[in-house]
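All remarks here apply to the structure that follows.
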Amino acid sequence: MDLEETREYRILRGKLKVLDLPDGATPKDIVKLFFRMMKIINIPLESGSVIGFAVISFQDYSAVCIGTTGVNGDGIGHIRLCEYDKAENKDPITRILYDVFQDLKSCDDPIPLYMFGHPARGDYSVEKYIRFLSEACQRYINQGLSEEKIDELVDWFDKWWSEFERKHNEESSRWEGIFGVLDWFEKFDEFAWSTYFVMS
């Protein structure tokens, strides 16, 4: 549908969001990339508007596709890894993310994607995400995170996400109902509506 019709009917639009990783990315870099992705989708999750998202690699054109479940779309449903059969080298990042989402879906207490108010430590916490990421990094790039590094990343996340929540709460007071949020996403890149992520 053209843009005017989209505006008229308030149809939610996905965006292409490019997230970069440095060459020779470490597990720490990959953890931070994961939480940047989570940050992008959490405002749409709050409105119950996400039905799925995909992470696409520019390295080998592989993709992790996630279908969401639940009233707000904050549960993990179908997970699929798509691979381009002519790629010469496999990008480990999409494989790491695929494993992490599988772990999150199958753990004893499934952790929702919606992260506002998440505790930093404990079984049902950000720490569990980081441990799953560390295990997947060990499998695919032969590097994991020490207990000290996990602690550092939990502390980093706590401060980083707290600042995000502070900004989110300040700005949300300016929203004019749920449909006003869409215009706001367009103006603030940090909170841009996105159902697709691309990494290089």
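Overview of values
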quantity	calculated
For peptides 63-74, 135-146, sequence by mean Cβ density within 10 Å, most packed first	63-74, 135-146
Euclidean distance between Cα centres, the range 107-154 to the range 20-82, Å	15 Å
Average projected area [Cα convex hull, the range 48-131], square nanometres	6.0 nm²
Apportionment of accessible area to carbon and sulfur, the range 32-133, percent (1.4 Å)	48 percent
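The values are calculated or read from the model by the stated rules, or taken from the named source; none is laboratory data. Everything numeric here is computed off the predicted structure, so don't read it as measured data. FYI the Cβ positions are ideal-geometry reconstructions off the backbone, even for glycines, and counts take in every protein chain you see. Heads up: the accessible areas ignore ligands, DNA and RNA and are worked out on the full protein's heavy atoms, side chains in. Shrake-Rupley method; radii C 1.70, N 1.55, O 1.52, S 1.80 Å.
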